[in-house]
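Enquirer: First the structure, which I've put down as structure tokens, then a few questions once you've had a look.
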Amino acid sequence: MSRIGHPRKSASIGAGYRWSCLLLTFTSLVTIASGSTSTPSTVAAPIMENIIPSESESQIHVVFSDVDGTLVHYPTKMPRSERRNALLKLPPSSTGMRGVVSSKTLSLTQDIRKKGAKFVLVSGMRTSTFLNRVPFLPRADAYCTEAGGRIFYPVEPNEDGFVVKPQKYDGCTPEDMEPFSLVEDMAWRAKMEPVAGSYGLSDLKELSLNPSKIPSLNERDGLLWDFARHLTSKGYVLDLEGYSACFRVNQKQQTTISDEDFAALSNGQLKAWDGLGTSVNLSCVDFYPAASGKKNCCQYLAEKFCPDLNEETLLHQHAVCLCDDDNDVEMASACGHAYIPDISSENMAALIEKYPHHFTLTWGHATAHSGPAASEAALSLILERFHDDPVPESASAEIEQVEDW
């Protein structure tokens with residue numbers, strides 16, 4: 001994963017960092033949909049301009065986190081594990097990427113859950129990749145894949161179906177290691193079907209074993225797939241494997257499309273159709289129903305987990321997130337605060353520099369953290385915002401710098 005330099009005005013970090021913000025209005029939020037030519041920074045600007053710092057903090061009910069580049073990292077060379085903080089190596093993704101997550105990262109996420117907050121993973125990864133990697137990921141209250149197009153919840157294990165058997169890590173408890181199965185939120189899926197159809201294997205076990213066993217593009221009906229066929233007619237090569245509510249255009253896979261043509265797709269000059277959303281993730285362009293996307297997914301889950309709170313201010317007053325890339329910008333802007341363990345895009349860097357009160361950067365020269373240590377620092381800062389009892393030992397342990405990231 002590429003990294004860019006941190007902004008000149010890095011966000012504040014430290015135990016004394018006590019910013020929260022008051023959202024004056026949500027009506028100015030502009031979504032990345034309908035082929036908008038706005039960059040992520042300009043999309044976020046309307047909502048960010050209506051946020052002001054406050055001395056008080058609201059209780060955190062939900063913590064949303066991206067995965068790749070945020071909790072899972074991709075070192076240039078595999079480092080040695082620290083004492084009592086072993087690194088877990090994840091299975092390779094379909095594109096060959098292989099990341100690592102630290103034991104301390106996994107422990108800290110569970111410490112957050114023990115505080116009573118919900119912890120949710122929100123990723124652009126294809127569902128088939130997620131199913132193979134979930135045993136290595138933090139145990140969560142919900143898992144969102146395909147840029148928010150699919151939502152899964154942990155349930156009691158069903159031995160006849162897909163069963164997750166978590167990998168052991170330093171500091172894990174017997175409860176952390178209990179197997180579980182996954183059930184999809186079909187009410188959310190129904191919101192996607194008018195645009196994305198009902199495609200995708202309902203049998204998660206089969207999908208994890210045979211990700212390519214999905215309907216071909218010509219067998220799919222719906223606006224999303226009509227647009228996909230439109231792109232193929234222009235020569236774009238699409239990545240459909242393991243997706244059912246989203247598809248990806250990867251620049252590395254293009255054979256006849258020029259760099260200029262791909263740029264037109266990524267910057268919105270070649271507009272997505274009305275009813276579709278788009279975002280850039282890992283230097284690829286994702287397309288999905290406009291009702292999907294990380295921010296909308298977060299809003300839906302926050303309302304589900306906190307039904308008695310004001311839905312208009314719920315994300316901003318009671319949710320925080322961890323993230324790093326372009327496709328996280330809307331989520332980061334909507335939540336009350338964003339913690340940044342790494343920066344994977346210039347747009348995110350520019351947003352952090354413009355609105356430093358809204359972001360805490362835990363990666364870079366200013367913090368002396370990188371890779372998993374930056375993730376651990378971000379999670380520790382979130383834990384410090386829970387004042388009801390002492391921070392767990394896993395959060396107060398010294399965080400050492402990891403080289404070669």
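The values are calculated or read from the model by the stated rules, or taken from the named source; none is laboratory data. All of these numbers come straight from a predicted model, not from anything done at the bench. Because the Cβ atoms are built from the backbone with ideal geometry, glycine has one as well, and the counts that use them run over all protein chains shown. Please note that ligands, DNA and RNA were not included when accessible areas were found on the heavy atoms of the full protein model with its side chains. Shrake-Rupley method; radii C 1.70, N 1.55, O 1.52, S 1.80 Å.
Enquirer: Please report, as a whole percent, how much of the solvent-accessible surface of region 108-184 comes from carbon and sulfur atoms (probe radius 1.4 Å).
Expert: Values: 1250 of 2740 Å².
On region 108-184, the fraction of accessible area on carbon and sulfur atoms equals 46 percent.
Enquirer: Between region 102-148 and region 185-221, what's the alpha-carbon centroid distance in Å?
Expert: Cα centres, region 102-148 to region 185-221: 21 Å.
Enquirer: Going through region 170-213, which GluC sites (Glu not before Pro) have at most 11 other Cβ atoms within 10 Å and a DSSP loop state?
Expert: On the way: sites: Glu175, Glu184, Glu206; in loops: Glu175.
Counting only loop positions with at most 11 other Cβ atoms within 10 Å, the GluC sites (Glu not before Pro) in region 170-213 are Glu175.
Enquirer: Over 29 Å between Cα atoms: which of Lys213/Lys234; Lys115/Lys165; Lys271/Lys354; Lys168/Lys213; Lys114/Lys295 fall into that group? It would help to have the intermediate numbers written out before the result.
Expert: Numbers: Lys213/Lys234 26 Å; Lys115/Lys165 24 Å; Lys271/Lys354 27 Å; Lys168/Lys213 31 Å; Lys114/Lys295 25 Å.
Over 29 Å apart, Cα to Cα: Lys168/Lys213.
Enquirer: With each pseudo-label sitting 7 Å past Cα toward Cβ, what's the Met78-Glu178 distance in nm, one decimal?
Expert: Spacing of the two 7 Å Cα→Cβ label points: 3.2 nm.
Enquirer: Next question. Which distance in nm do the two modelled labels at Tyr153 and Asn310 give, with both placed 7 Å along the Cα-to-Cβ direction?
Expert: 2.7
Enquirer: Go ahead and run the numbers for FRET between Lys271 and Lys165, Cβ-Cβ distance against an R0 of 60 Å, rounding to 0.05.
Expert: Details: r = 44 Å, r/R0 = 0.74.
Calculated transfer efficiency: 0.85.
Enquirer: May I ask you to work out the translational diffusion coefficient for region 90-135 at 20 °C, viscosity 1.002 mPa s, via Stokes-Einstein with Rh from the Kirkwood sum over Cα pairs, reported in whole µm²/s? It would help to have the intermediate numbers written out before the result.
Expert: Values: Rh = 12.2 Å.
The Stokes-Einstein estimate is 176 µm²/s.
Enquirer: Among the trypsin sites (Lys or Arg not before Pro) within region 179-247, which fall in a DSSP loop and have no more than 14 other Cβ atoms within 10 Å of their own Cβ?
Expert: In loop regions of region 179-247 (DSSP not H, G, I, E or B), the sparsely surrounded trypsin sites (Lys or Arg not before Pro) are Lys213, Lys234.
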